[in-house]
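Participant: My questions all concern the structure below.
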Amino acid sequence: MSLSRRAVLRGGLGFAAASLTPTILQARTVTGYAHAEIDARLALGKGLNGLTKADLTTPALLLDLDLLDANIAKLAAFAKNANINLRPHGKTHKCPEIAHRQMKAGALGLCVATIREAEAMASAGIKGLLITSELVGKPKIDRLVKLMRRAPDTMTVVDHPVHAQQLNEAAAAAKVRFNVLLDVDPAGRRTGVPAGDEALKLAEAVAKLPNLKLRGIHGYSGASAHVNTFDARRAHSVKVMTPVLETFQRLKKAGFPLELMSGGSTGTYNIDPSLEGMTELQCGSYVFMDVEYRGIGGKTGPVYDDFASSLTVMGTVISKLYQDRATVDAGIKAFAKDRKFDADVKGITGVSFAAGSDEHGTLLLQNPSREIKLGDRVEFIVPHCDPNLNLYDRIYCVRGENVVDVWRTVGRYGD
Ligand SMILES: Cc1ncc(COP(=O)(O)O)c(C=O)c1O
């Protein structure tokens with residue numbers, strides 16, 4: 001019996017999928033599907049029925065679920081052993097399914113960067129949200145009020161008395177109370193009140209506002225996360241975080257009932273738990289890993305491989321006319337280009353990559369470990385995972401060659 005998988009995906013066959021599977025697998029017919037066709041199949045609850053990577057139209061964002069699960073389990077076990085809580089950052093993945101896996105592994109909540117992410121994660125049933133960027137201005141504060149009604153344990157950050165006042169007024173008018181963390185700056189000068197006296201003054205101002213509940217301190221050092229070599233990274237984090245932790249102790253001694261001291265990153269996950277008073281880590285990138293993180297160096301070697309690169313962009317070789325180069329269909333639009341370096345080619349050595357033009361990328365074939373032919377699929381580890389993820393509205397989940405699920409990304413810019 002000859003059955004095309006397109007027909008199977010369309011659900012136009014009148015007998016059980018299980019009886020079809022062997023035929024489909026034997027046929028190994030590669031078929032192209034539009035996203036909508038795959039969505040329709042899933043919406044009907046019919047599963048993916050033997051869909052493989054080869055069937056996907058490229059560029060496509062792939063997530064290796066075995067590696068993802070291993071990353072989540074590894075950090076969860078580490079945190080348990082180090083006696084520190086996890087509130088991983090959802091800005092990296094924007095994906096409720098991943099958030100649920102992190103919660104199942106023991107996380108006490110999820111950090112998010114925007115009100116849109118917070119709303120989307122709350123809609124997906126994620127509890128314990130901490131919005132780590134200041135929500136300034138009426139449009140965002142109004143949305144926070146609405147969010148508090150359905151996710152009352154949500155927390156937000158503040159670094160200025162005027163902002164605190166505005167939050168308090170909106171909360172009073174809506175008869176809600178906002179949970180607030182004082183955003184204290186580990187010398188990064190992005191957001192956050194300076195540690196020490198100024199933080200104390202802001203804490204006093206916040207404590208006087210009846211519709212704000214001061215729960216703790218948020219202190220995130222983005223500048224420490226990617227410092228090269230473990231020792232230099234540890235020295236950096238200890239240096240910039242110590243005044244933040246001292247402020248935390250000082251406020252507690254002054255009588256502020258602070259429960260949470262939240263910060264940390266994938267780069268400092270095994271450094272920050274030793275800072276006295278730190279109660280939780282906000283690691284984000286560890287779920288995916290990217291070229292930038294792999295390059296910072298680990299405890300034992302030049303590659304930071306504590307976590308595995310689970311996220312790739314898959315492209316197709318669409319032109320192969322020269323001995324020393326090939327062109328793939330993954331270019332600038334397939335990768336976030338905010339870093340000076342490009343994607344790494346996964347699983348092939350002796351090849352470098354430049355995502356040089358809108359829809360085209362160049363593979364330079366110095367001494368490729370395998371032959372590169374027209375039509376070949378090539379996977380790329382992305383340069384910087386967070387903005388790269390934000391380019392895609394769906395993630396194709398894979399185990400080996402099989403596509404086993406499709407997860408939507410939520411709260412993207414433009415959504
Ligand atoms: C406030 C905050 N916390 C945590 C993180 C997670 O950092 P990483 O992805 O390096 O683990 C980020 C990332 O930018 C962040 O902005």
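Participant: Among all residue pairs at least 6 apart or on different chains, which show Cβ distances below 9 Å where the first residue, located in segment 88-108, is of a type in the set (S, T, Y) and the second is within 12 Å of the ligand (Cβ to nearest atom) and not in a loop (DSSP other than H, G, I, E, B)?
Facilitator: From residues that are of a type in the set (S, T, Y), the pairs are T92/T266; T92/S285; T92/Y286; T92/V287; T92/C385; T92/D386; T92/L389.
Participant: Surrounded by fewer than 17 Cβ atoms within 10 Å (Cβ to Cβ), away from the ligand (no atom under 16 Å from the Cβ) and touching a residue at least 60 places away in the same chain (Cβ under 8 Å) - does that describe any residue in segment 223-240?
Facilitator: Among the residues of segment 223-240, at least one is surrounded by fewer than 17 Cβ atoms within 10 Å (Cβ to Cβ), away from the ligand (no atom under 16 Å from the Cβ) and touching a residue at least 60 places away in the same chain (Cβ under 8 Å), which makes the answer yes.
Participant: Can you name the residue in segment 77-134 that is over 17 Å from L389 (Cα atoms), of a type outside the set (A, V, I, L, M, F, W, C) and within 12 Å of the ligand (Cβ to nearest atom) and is also surrounded by the fewest Cβ atoms within 10 Å (Cβ to Cβ) among such residues?
Facilitator: So the residue we want is E134.
Participant: For segment 261-285, which positions are part of a helix (DSSP H, G or I), within 7 Å of the ligand (Cβ to nearest atom) and among the hydroxyl-bearing types (S, T, Y)?
Facilitator: Scanning segment 261-285 gives T266, S285.
Participant: Collect the residues in segment 130-172 that are under 18 Å from G192 (Cβ atoms) and of a type in the set (S, T, Y), keeping them in residue-number order.
Facilitator: T132, S133, T156
Participant: Return yes when T279 is modelled with pLDDT under 95 and of a type in the set (S, T, Y) and no when it is not.
Facilitator: No: the conditions fail for T279.
Participant: Tell me, which residue of segment 208-252 that is in contact with a strand residue (DSSP E or B) (Cβ under 6 Å, 6 or more places away or on another chain) and among the aromatic types (F, W, Y) is nearest to T191 (Cα to Cα)?
Facilitator: Going through the qualifying residues, I end up with Y220.
Participant: To continue, here is another question. Assuming R28 fulfils every condition listed in (1) modelled with pLDDT of 95 or more; (2) surrounded by fewer than 18 Cβ atoms within 10 Å (Cβ to Cβ); (3) over 20 Å from the mean Cα position of the chain (by Cα) apart from one, which condition is it?
Facilitator: Tallying (1) modelled with pLDDT of 95 or more; (2) surrounded by fewer than 18 Cβ atoms within 10 Å (Cβ to Cβ); (3) over 20 Å from the mean Cα position of the chain (by Cα), R28 fails exactly one: (1).
Participant: Just wondering, is there one or more residues in segment 158-176 that are within 16 Å of the ligand (Cβ to nearest atom) and free of Cβ contacts under 8 Å to residues at least 60 places away in the same chain?
Facilitator: yes
Participant: When you scan segment 282-297, do you find a residue that is modelled with pLDDT under 95 and in contact with a helix residue (DSSP H, G or I) (Cβ under 8 Å, 6 or more places away or on another chain), even just one?
Facilitator: Within segment 282-297, none of the residues are modelled with pLDDT under 95 and in contact with a helix residue (DSSP H, G or I) (Cβ under 8 Å, 6 or more places away or on another chain).
Participant: A follow-up question, please. Could you check segment 334-415 for strands (runs of 3 or more DSSP E) lying wholly inside it with 1 or more residues that are at pLDDT below 95 and over 24 Å from A99 (Cα atoms)?
Facilitator: Strands (runs of 3 or more DSSP E) meeting the threshold: 351-357.
Participant: Tell me which residues, restricted to segment 334-387, are surrounded by 15 or more Cβ atoms within 10 Å (Cβ to Cβ) and of a type in the set (S, T, N, Q).
Facilitator: Result: T362, single match.
The values are calculated or read from the model by the stated rules, or taken from the named source; none is laboratory data. Keep in mind that this is a model prediction, so the values were computed, not measured. Quick reminder, even Gly has a Cβ in these numbers, built from the backbone with ideal geometry, and neighbours come from all protein chains shown.
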